[in-house]
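The block underneath contains the structure these notes are about, expressed in structure tokens.
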Amino acid sequence: MPAHHILIPIHDFSAGGTELIAFRLARQWLAEGRRVSILAGSSDGPLRPRVPEGVEVHILSPERPRSSTSRIKLGRQMAPFAAELAPDAIFIPGNFHFGLARALKKALPHAGIVAKVSNPIWTDGAIPLPRFIARMAVKAVTRGIDQIVAMAPALRSDVTRYVNPMRVTVIPDPFLDDDVSFIARPRKPARPRQALKILTVGRLEPQKDPMLALAVLADLRQFEHDVHLTLLGHGLMEAQLQTEIDRHGLGRYVTLAGYAADPAPFYADANLLLMTSQYEGVPAVIGEALSRGLPFVAKDCSDWLTTLADEHPALGAIAKDRSPATLAEALLQKAARPYPSARQIEDGIGAHRIGRSSQLYLELFDRLA
């Protein structure tokens with residue numbers, strides 16, 4: 001039975017990669033003749049204009065703005081609204097929204113619920129827990145989800161450590177359009193004639209660890225006086241970052257650029273992309289940068305990213321440890337090497353085009369419906 005109507009529940013329209021990927025998929029599903037609805041707890045956030053034309057948008061009334069505890073009740077608050085919409089399938093776009101599934105399944109027992117793992121499904125934090133306790137915790141938070149999607153083969157094993165393999169499907173995360181043409185930069189990198197321009201892209205929040213990017217810059221300046229760091233994104237840590245920049249006199253060397261609806265000019269201007277995240281799944285920003293010929297240096301924060309760098313070293317490098325000095329050294333080494341060719345980029349990330357991934361999702365929805 002085809003899943004004619006697909007519902008995407010989200011908390012709000014915050015600037016996040018999971019939301020953008022969900023909107024990309026929604027556009028593709030509309031093109032395939034499906035009805036797509038978004039049910040949001042709040043209208044807040046800069047991504048509201050990015051919702052594709054034709055997608056139905058429903059906002060809870062009264063609205064439920066995001067807070068540290070808002071997710072706990074959001075599923076129950078959404079359930080009666082979702083039942084009125086009567087979707088055939090529900091797509092939960094990332095870990096942040098896993099907790100909605102239990103209440104939505106209770107309200108819509110016949111709707112297939114598919115959830116994408118957007119970050120590692122379990123992180124130990126400061127206190128590692130025994131595996132069986134972690135499995136119990138993951139089982140509780142994923143209750144109501146019929147199928148869990150790993151965003152790349154390299155990430156499946158992480159998910160199946162905590163989830164029954166029968167519930168896990170691999171669908172490449174579709175951060176590329178089908179018709180994208182990769183742009184190769186000149187084979188010789190811009191260094192050393194020009195300034196070394198480092199770019200980070202992401203929310204200014206603890207997961208992304210933007211403070212580490214400042215520490216890397218400080219370390220780089222011991223070797224390279226002509227270096228500049230641009231942090232693209234908004235977030236709760238913005239004031240803290242500005243204080244740190246002022247305290248260390250880094251104003252000439254750092255730009256807090258805020259959120260950009262079109263980051264393409266920032267990719268074009270940079271020499272390297274730096275990723276300092278504590279953890280990631282398949283960070284779409286890496287694909288966006290590489291599609292414009294920009295290689296990366298990253299912490300060991302994602303199995304997918306580590307596999308990509310191991311198998312396609314022209315695209316990027318993973319630092320041997322997470323210290324600022326090691327990341328700075330990796331940046332200097334990468335800056336001295338040629339940029340990747342279009343063929344190398346295609347070989348590394350070409351599987352993440354949207355057409356095939358969208359079809360795999362629809363086939364999964366249809367089986368569950």
May I ask you to order 85-93, 43-51, 239-247, 331-339 by the average number of other C-beta atoms within 10 Å around their residues, highest value first?
85-93, 331-339, 43-51, 239-247
When the helix-only estimate is applied to the chain (DSSP H runs of n ≥ 4, each -39,500 (n - 2.57), divided by the residue count), what is the mean residue ellipticity at 222 nm, nearest 500 deg cm²/dmol?
-11000 deg cm²/dmol
Residues with amide H under 5 Å from that of Ile38, placed H, sequence gap 5 or more
Ile8, Glu56, Val57, His58
Over region 237-352, give the accessible area per residue in Å² for a 1.4 Å probe, as an integer.
41
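Which helices of the chain meet both criteria: a Cα extent of 24 Å or more along the helical axis and a mean Kyte-Doolittle score no lower than -1.0, with helices taken as whole DSSP H segments?
Length and hydropathy pass: none found.
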Probe 1.4 Å, all protein chains in place: accessible area of Thr69 in Å², nearest 10?
80
Can you list residues whose amide H is under 5 Å from Thr230's amide H, if they're 5+ apart or on another chain and H is modeled 1.01 Å from N?
Ile198, Leu199, Thr200, Thr255
Quick check on the chain: take the gyration tensor over C-alpha atoms, sort the square-rooted eigenvalues as a ≥ b ≥ c, and tell me if it's rounded (a/c under 1.5), prolate or oblate.
prolate
May I ask for the distance between the Cα centers of region 69-94 and region 107-152, given as a whole number of Å?
17
Per residue, in Å², the accessible surface of region 135-216 once ligands and nucleic acids are set aside, probe 1.4 Å
47
Roughly how many percent of the accessible protein surface of region 192-308 is carbon and sulfur, given a 1.4 Å probe and a whole-percent answer?
50
Quick check on my link table: of Lys106/Lys139; Lys139/Lys208; Lys116/Lys139, which ones sit more than 19 Å apart, alpha carbon to alpha carbon?
Lys139/Lys208
Taking the highest mean first, how do the peptides 18-26, 217-225 order by number of other beta carbon atoms within 10 angstrom per residue?
18-26, 217-225
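The values are calculated or read from the model by the stated rules, or taken from the named source; none is laboratory data. Please read all numbers here as calculations on a predicted model, not as lab measurements. Counting neighbours? That spans all protein chains shown, and the Cβs are built from the backbone with ideal geometry, glycine included. Surface accessibility is based on the protein's heavy atoms, side chains included, excluding ligands, DNA and RNA. Shrake-Rupley method; radii C 1.70, N 1.55, O 1.52, S 1.80 Å.
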